[in-house]
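Working notes for the structure below.
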Amino acid sequence: MPMDYGKRQQGGGVVAIECVAGGSRAEEWGTGCAETVQTGDVVEELLIGVGGRGGPAVHAAPFKGGRAALQKLLHAAYKRRDTSVEVRVRRPAHARQQLVPGESDSSGELLGPGSDAAAARMQACIVPQETGGGGGGMAMYVLRSIRDPNYAVGLVDRSESECVAFRGSRSSRVVCALSKAQLQDGYVSYPWEKKMKEVLPVPSASSFLSLLVLPTALDRANSRYNSVDDTLARANAWFLASQAAGVPIAFLNVQTEALLTKISGDMASATVNSGSLADLPNLANASLYGFEDYHGVDIGVVKAVRLWFTAAAGEMPVEITLEEGDTKLGFAISRTEEGFLYISSVMEDDSDRPTPSTRSGLRDLYREAKRASKLLVISRVSCRKVLPWMVSTSGAIRCFDTVSLSQKLSLHRHALRPILLHVLMWDFGTDAPNRPQGAPCPTPQPSPAFAELLRQNSFSWVDNQPAQADGEPGMVQGRDTAGDASFRFHNFSLPNNWV
């Protein structure tokens with residue numbers, strides 16, 4: 001039987017409840033809070049071994065030794081794996097609130113001690129309390145709710161007046177709980193492989209494209225480089241020139257990228273030193289700066305520029321299926337000065353047998369690109385990216401060779417293996433604005449008027465040429481495969497690559 005409230009008040013000390021892990025249920029502060037064990041409730045009884053043989057061991061207040069005595073009981077029960085408990089608490093009536101009519105303060109006033117006390121109970125299990133530090137001594141235990149495993153309470157020594165004061169105002173309890181509330185974080189598994197195959201336009205491949213522009217070297221020893229501003233200008237010029245040539249790409253972002261290298265000799269003496277904070281202002285526009293590691297080795301940091309872009313309207317897969325008797329794929333591949341591979345010509349069907357480019361729809365895409373004054377740029381071959389990806393310190397653009405690509409596609413034709421191409425798409429609903437030839441272009445825009453005229457001339461050249469018959473020598477196109485210069489590592493004499 002619970003003790004009389006007057007006798008307990010004389011004793012002064014009680015064992016009270018303190019929340020140590022917040023629950024996920026809203027009823028803690030809602031209308032059902034009277035049935036929930038909360039901080040400030042006074043422990044009346046602790047039943048250990050609920051559901052076991054012979055019934056639970058009942059320990060009733062007053063608890064000689066207070067919280068320490070109950071912790072010993074919990075420790076002994078945990079050691080013998082008798083962890084099912086029930087805690088019964090008392091909530092003094094004068095700690096509950098009722099609103100005084102006419103008062104604007106929502107906290108209300110306390111009921112008098114003559115009213116009945118509210119009771120609550122909680123089914124729980126004994127678990128060790130997680131502490132940040134180590135050390136010896138007996139472990140401390142808390143009671144974790146069976147109903148809500150996220151809710152756990154501990155036992156503390158309090159005076160009756162402290163419990164009354166704490167339970168006296170609901171707003172103060174909410175503020176106290178808010179001050180102790182902690183956001184929990186953790187790791188959750190994620191089906192990366194499945195998502196990459198299902199949600200990406202090109203399975204397991206990113207739609208983010210980039211070009212790494214290295215700073216231009218000012219001497220053959222690569223000891224001095226142009227500034228970061230010069231590298232940014234080169235990246236900007238490459239992007240605008242690509243758009244002007246008809247490549248359907250859109251700007252995403254630009255950033256500097258630090259590349260580590262070992263330096264010595266003239267390069268070490270020519271670099272900006274970053275040995276102290278006073279040297280930081282000198283690094284703002286420097287493309288190369290150095291420092292010494294703890295071994296005394298000179299380390300150089302080259303600041304390159306990475307330009308991020310993407311297809312203007314995504315990438316479209318085109319599968320070219322091959323059949324017995326196909327002697328030509330029916331299209332030619334060229335490369336822009338900026339390093340993009342594109343379909344430069346398609347063959348018209350000269351018989352009842354359509355070419356692979358016609359069967360796959362590549363010819364129709366080419367015609368749509370020509371009407372939109374865009375280039376039909378190849379972005380991937382067999383899901384491998386074939387776009388330009390780097391500019392060297394000499395200014396050369398690293399890109400793919402048209403001859404080797406034509407040879408690979410011809411091998412597909414001989415082996416009757418299907419060819420999977422991805423092409424960059426454009427927005428069919430927008431037209432290129434007109435502007436004078438010498439007008440500046442500060443931001444990435446659709447293709448300017450003078451570039452449109454150039455592309456229209458090249459496209460009209462294709463229309464005026466007769467279709468190539470199977471077995472005839474390759475046609476000479478007005479636009480060279482690799483621009484005015486051949487590929488860097490090979491001396492190509494073929495100006496056009498028909499497959």
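The values are calculated or read from the model by the stated rules, or taken from the named source; none is laboratory data. Source: prediction; values computed, not measured. Ideal geometry is used to build each Cβ from the backbone, glycine not excepted, and the neighbour counts take in all protein chains shown.
Quick notes on this structure:
Here's the yes/no breakdown for (1) surrounded by 10 or more Cβ atoms within 10 Å (Cβ to Cβ); (2) among the aliphatic types (A, V, I, L, M); (3) at pLDDT below 90; (4) closer than 30 Å to E257 by Cα:
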{"residue": "L178", "(1), (2), (3), (4)": "no, yes, yes, no"}
{"residue": "Q182", "(1), (2), (3), (4)": "no, no, yes, no"}
{"residue": "K197", "(1), (2), (3), (4)": "yes, no, no, yes"}
{"residue": "V202", "(1), (2), (3), (4)": "yes, yes, yes, yes"}
{"residue": "S206", "(1), (2), (3), (4)": "yes, no, no, yes"}
{"residue": "L211", "(1), (2), (3), (4)": "yes, yes, no, yes"}
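- Residue within the stretch 88-103 that is at pLDDT 90 or above and either assigned by TED's automatic domain parsing to the domain that holds V153 or not basic (K, R) (or both) present: yes
- Some residue of the stretch 168-188 being under 30 Å from C383 (Cβ atoms), without any contact (Cβ under 8 Å) to a residue 60 or more places away in the chain and not assigned by TED's automatic domain parsing to the domain that holds M425: yes
- Filtered residues of the stretch 213-250 (kept if surrounded by fewer than 15 Cβ atoms within 10 Å (Cβ to Cβ), assigned to a helix (DSSP H, G or I) and either touching a His at 6+ places or on another chain (Cβ under 7 Å) or among the small types (G, A, S) (or both)): A233, A237
- Filter pass, G133 being part of a loop (DSSP other than H, G, I, E, B) and either closer than 18 Å to V15 by Cα or at pLDDT 90 or above (or both): no
- Identity of the residue in the stretch 136-175, loosely packed, with under 15 Cβ neighbours inside 10 Å, over 18 Å from A68 (Cα atoms) and not charged (D, E, K, R), that ends up modelled with the lowest pLDDT: S171
- Per-region count, the stretch 320-345, residues in contact (Cβ under 8 Å) with a residue 60 or more places away in the chain and either among the aliphatic types (A, V, I, L, M) or out of contact with any strand residue (DSSP E or B) (no Cβ under 9 Å at 6 or more places or on another chain) (or both): 11
- When E348, E337 are screened for being within 24 Å of S392 (Cβ to Cβ) and surrounded by fewer than 21 Cβ atoms within 10 Å (Cβ to Cβ), only E337 passes.
- Tally, over the stretch 68-93, of residues that are among the charged types (D, E, K, R) and crowded, with 19+ Cβ neighbours inside 10 Å: 4
Yes/no matrix, rows are residues, columns are (1) over 30 Å from W308 (Cβ atoms); (2) over 37 Å from the mean Cα position of the chain (by Cα); (3) at pLDDT 90 or above; (4) among the hydrophobic types (A, V, I, L, M, F, W, C):
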residue: L322; (1), (2), (3), (4): yes, yes, no, yes
residue: A332; (1), (2), (3), (4): yes, yes, yes, yes
residue: G339; (1), (2), (3), (4): no, no, yes, no
residue: L375; (1), (2), (3), (4): no, no, yes, yes
residue: S394; (1), (2), (3), (4): no, no, yes, no
residue: R398; (1), (2), (3), (4): no, no, yes, no
residue: M425; (1), (2), (3), (4): no, no, yes, yes
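- Subset of the stretch 355-391 (residues that are assigned to a loop (DSSP other than H, G, I, E, B), surrounded by 15 or more Cβ atoms within 10 Å (Cβ to Cβ) and of a type outside the set (S, T, Y)): A372, K374, L375, V386, L387, P388, W389
- Looking across the stretch 321-334, the residues that are surrounded by 22 or more Cβ atoms within 10 Å (Cβ to Cβ) and touching a Pro at 6+ places or on another chain (Cβ under 8 Å) come down to L329, G330.
- Comparison of A284, A235 shows that the only residue that is farther than 30 Å from R363 by Cα, at pLDDT 95 or above and not β-branched (V, I, T) is A235.
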